[in-house]
Every structure is written in structure tokens, then in C-alpha cells.
Amino acid sequence: MTVSISPLPDKVIRIKNGLRYEKNGWIYVSVKGSPKERGYAHGYLVVEELRDTYKTLDFTFYEGYGYKRAMFSEITAELFRPQMLANFPELYEEMEGIHAGAVAAGYKELTLDDIIMWNLQTSIDSFYGQLPTLLKGFPTLLAKYGALFGSDGAGDGAGAAGHGEGGGCGSSTINFLGGFGGQRPTKVGGAQDHCSGFIAVGSYTKDGKIVCGHNSFDNFISGQYFNMILDITPLKGNRILMQCAPGYISSQTDYYVTSSGLMCTETTIGGFDKFVLKDPIACRIRQAMQYSKTLDDVTKYLTTNNSGDYANSWLIGDTKTNMIMRIELGLKFVNVEKLKDGYFIGFNAPYDPRIRNLECSNTGFDDLRRHQGARRVRLEQLMEQHKGKIDITVGQEIMADHYDTYLNKINPSSRTCCSHYELDDRAFMSDPGRPKPYQPRGAVDGIVCDTALCKQMAFSARWGSSCGTPFNKDEFCRQNIIWKDQQPYLHDRPSQPWTTFSVVKNGVAGPKNETKKKVAKILKMKFTKKAKLATTATL
């Protein structure tokens, strides 16, 4: 299949070292230069989205834990700052640039700690349960927050750390990628697992080369912010095209293509409960994408100083060698497999018995009632059904699949590859730690890439859901009053087409750069107009 890459749209906002445009629900941002330069352009161009993000974070943190967001910004930044300054100074400087750009664009209340927390939010699940112990190594934090977490011998403590299986309680309400889903905290920490993915090569694909697909299913209140496509041209290392959220230095959904011919995605490992305070995953994966030339390079970057935070099954393809790799990245245990003919699938549970039994609990690996077991079966069926035919079009169909292997029928639900918790009465699940009936949660996107697109640094993406089903927040909340507290923060996601995005070919800073004052005015007008249109559409 030949996929045409459309030229830049007419309405492009340009500043020094950066540009921005919007298309079919996506915000495309391209930045270049030194860490400070590209970070500054990034922060400046997404300032209104950052404002909206932190407004929602104020709600999700407080509703989920009873603690203010500022506390988590301070704790997260202080825990990881030494590692970032020592091992990732370039990325720390890029975050400083993002902060400076957003402040220059008018977001004066934003702090650097806020940007750090936002970038490392996937690690919060993992360390939250260990705060009673961790705070003892940070005297200032201990004096300020020790009593809240039992670090001084008082209080209840934070409980266990880790990734809760399939949408558990506890710190799943904190992790913005998991987001606030109406669950209330328990003593058990854990993030919700999410995402479906595959990577195939050889006899399974139409041309024998690599095809990789992924979607992110998430609580809508948090997943709605990952509609940004970021093109980064650093002074050193690979150019990167990735899906992310405004203000991010890494993808975290995750989907990447790089100028070294690599494509990369992942699905989280549910029930993972191990953590040590070393390097955060957001920095390790970004370093891997910026500097890796080979699959072995990626393995090295991901495993060096591994914290066990946000444990994933990583699916990576190297178009130079036509080889694919899966890294099941636990903490003590790491399983690496490579193929030149075959496939790997991702469904939020690990194949490695050591990781599944010794570093996880209750993964759903072999339970058809659960989204992990059901999608494990369905993805294997789809790989065999489409053997020898998988290309971009088939990849899009796989990510949009609605077949429920537990009920053996078409049934868009929590168990399908294109996940729809918002349509699921959860009749077959009663665990109070699991996602609730009709929870505003599910697939919010879809991305597919093949070797040909990767070599052009491009991929095909769909915003809203993999299948195109729209989401109207007011209609949903009228039908599901129990979720009405999220209504002021939810975004509508109308049906959008698949769209192919590539890196900007002729540099990001054109001859018609706008003045900073004019850009800030345009960005504010665009964001205000969106809000008004969304309100008017529901009257």
C-alpha cells in the first residue's frame, strides 16, 4: 500500500526553532536546536494546553488522594533530580526550556517541578507505596511530608508500590496516564495497565518487512491529552517523531520512529510491583530513541539503572536489519527476544514466567474475562488470520477490532483490541479494584507504521478511537450521572480519519516567523474558540 504524506497545512504557527499546526484532532509540533532552544519553543507553542492539563491534574490528584498536586510535583522532582542531573543533563535542560517557554508565553504560575512531575508521572505509581522509606533519604521532604506517609513512625503509610492489574485502585488515581477513574485510594498502590500492540515481519506481512501497530486505552480524562505529535531535531543523536502529550520529553503512550530506522512501541505490564530508586523510565526511553542505532543499543539504554518504574513489554523494529525485538522489562528479570520472521503482541501481561510470578500479581494472563487474556487470544487470532497480508490497512483494522473472545461475538467492550469501557456494563467483573461499569475509559487513538513510512520518518495515526467511534462528554455524562464530576474536565473527541504525519522536511523556522506577542494571541484565541465550539455544540 502506498501512503501519501500531505504537505503542511496553510495555517502554521512559526516561531524561532519551532512550528505548530493542527489536523484531524492532532496537534503537530516540530522543534529543533539545543536542549534549551527546542524546549523553549515546545513550551511556548503548547502553553494553553499546559494550562488545561494542570487544571485537570489539580482535580485528579485531589479527588484521587486528598493531596494537592503541588506536593507530588515537589516530591517527584526531589526524588529524581539527582539522577537526572547526573545521567540526563541534556533532558533536564530540555525540561528547563519547556518551563521557560511556557512562562514566557504567560503561564507564570508554572514551576519547573511541575514540568518534571508531569514528565515523570508514570513513575509515581511505582514509588508511591515506598514513600515511607524513600522520604527518609530526603530530610527536607521528610520534615514536610513524613507524617502523611508514616515515615516518622506515625500515620498510615502509603502501602505497596507497583502497577495495579487492569485498573486497580490506589495510585492509579494519581498516575495521569492512568488518570482518575472514580476509584478511591486503598492501601495498595498500582497503575492501570493499558494499550494493545503488535509488531510483525517476514511471512506475516505483505511485503516481508516490518509493520507495527498500537493503541492507547486510558481513562478519557487523562488520555485526552495525548493528541500531540512531536518532531524533535536535536543537535546530537537521532531525529525523533513521536506521539506524546504537551510538555513531554518522551512519548509515554508510547510510539516512536527515529532517523536511525527504528520504530518502537510498548504495552504496560499489569500487576507489576517492584521498584528501586534509580533512573526514571521517561529519561531512559528518550535517551534510547535519541541515541540508539541498533536493537542492542535500545536494550542497553532501557536496562541501565532500571528502576522498574512503568514496567513494559517493549516492541521494537529495526528497518536496517528487518529484525523485530520484544523486551519484557521487569526489574530483576528481563526477557529479550528477536525475530526475522514472526510477530510479537502486547496485551498488558508478560509471557516470562519469572516476571509474571515473581514481580507481578494477578496479571490476567490466562483469564478470558479480563482484557489481558481476551486480547492475548484475539491478537494471536488476528496475526494468524492475516498472515502474509499485514500492511498499513490491515494494521489499522487490527487496532480497530471489536471481537470479544470471551462472549464470542462482536462486542465493543473492555476486552476488545479497540477498547470501550464506556460501553461495558462489566457484568463479568465484580472486583472493586477494577474499572467500573461504563467508566469513561478506552481506546483514544491508533497508530500504525511500516518500514516504508519509518524510512520517511512518518506514521499513520487516528485520534479519538482506533475505530472512529466519537465521544461526546455531555451526552455521556447525561447517560452516566455517576461520572458527572468529570464533565467540566473531559474533552469531546469527534470521529476523525486516519492521517499520515511525517517530520517537517524543510526545517522548522521559516521566513515568516510570527512575533511572540502575535503567537501568544493566536494560541489563546484557538484554545478559547475550541472551548466555545464544544459548549455550543451541546446546547
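Just a few scattered comments:
- Atom-type composition of the exposed protein surface of the stretch 225-292 places 50 percent of the accessible area on carbon and sulfur (1.4 angstrom probe).
- For the stretch 82-87, 3J(HN,Hα) per residue [Karplus equation, 6.51 cos²θ - 1.76 cosθ + 1.60, θ = phi - 60°, Hz, x = Gly/Pro]: x, 5, 5, 5, 7, 10
- Scattering curve values for the stretch 345-462, log₁₀ I(q)/I(0), Debye with Cα scatterers, q = 0.09, 0.12, 0.15 Å⁻¹: -0.28, -0.50, -0.75
- Projecting label points 7 angstrom from Cα along Cα→Cβ for Lys409 and Lys236 puts them 6.0 nm apart.
- Dipole magnitude for the stretch 261-395: computed about the Cα centre from +1 point charges on Lys and Arg Cβ and -1 point charges on Asp and Glu Cβ, it is near 60 debye.
- Calculated from backbone phi, Karplus (6.51, -1.76, 1.60) coupling profile of the stretch 208-219 in Hz, x at Gly/Pro: x, 9, 7, 10, 9, x, 7, 9, 10, 10, 7, 5
- Across Lys274/Lys338; Lys300/Lys387; Lys55/Lys473; Lys209/Lys332; Lys300/Lys505, pairs whose alpha-carbon gap is larger than 21 Å: Lys274/Lys338; Lys300/Lys387; Lys209/Lys332; Lys300/Lys505
- Cubic angstrom per residue, convex hull over Cα atoms of the stretch 456-497: 83 Å³
- Spin-label model, Ala147/Glu384: points 7 Å from Cα along the beta carbon direction are separated by 6.2 nm.
- Glu359 contributes about 10 Å² of solvent-accessible surface, heavy atoms of the protein only, 1.4 Å probe.
- Charge dipole (the stretch 68-118, unit charges on Cβ, about Cα centre) - positive-most of Met117, Met71, Asn87: Met71
- With contacts taken as Cα pairs under 8 Å and at least 6 residues apart, the stretch 215-255 reaches a relative contact order of 31 percent.
- Couplings 3J(HN,Hα) for the stretch 241-258, derived from phi with the Karplus relation 6.51 cos²θ - 1.76 cosθ + 1.60 (θ = phi - 60°), are 10, 8, 7, 6, 10, x, x, 8, 9, 10, 6, 6, 8, 10, 8, 9, 10, 10 Hz, where x marks Gly and Pro.
- Taking the Cα centre of the stretch 256-319 as reference, the dipole from Cβ charges on Lys and Arg (+1) and Asp and Glu (-1) amounts to some 140 debye.
- For Met228, distant residues with modelled amide H under 5 Å away: Ile27, Cys244
- Residues in the stretch 248-337 average 23 Å² of solvent-accessible surface per residue, probe 1.4 Å, ligands and nucleic acids excluded.
- Quotient of C-alpha Rg and 2.2 N^0.38 Å, computed over the stretch 250-302: 1.18
- Shown for the stretch 408-463: the carbon plus sulfur share of the solvent-accessible area, taken with all protein chains present and a 1.4 angstrom probe, equals 54%.
- Once the 1.4 Å probe is applied to the protein heavy atoms, the stretch 340-379 comes out at 38 Å² accessible per residue.
The values are calculated or read from the model by the stated rules, or taken from the named source; none is laboratory data. If you're wondering where the values come from, they're calculated on a predicted model, not measured in any experiment. Glycine gets a Cβ as well: all are built from the backbone with ideal geometry, and neighbour counts include every protein chain shown. To get the accessible areas, we keep the full protein, side chains included, count just its heavy atoms, and leave off ligands, DNA and RNA. Shrake-Rupley method; radii C 1.70, N 1.55, O 1.52, S 1.80 Å.
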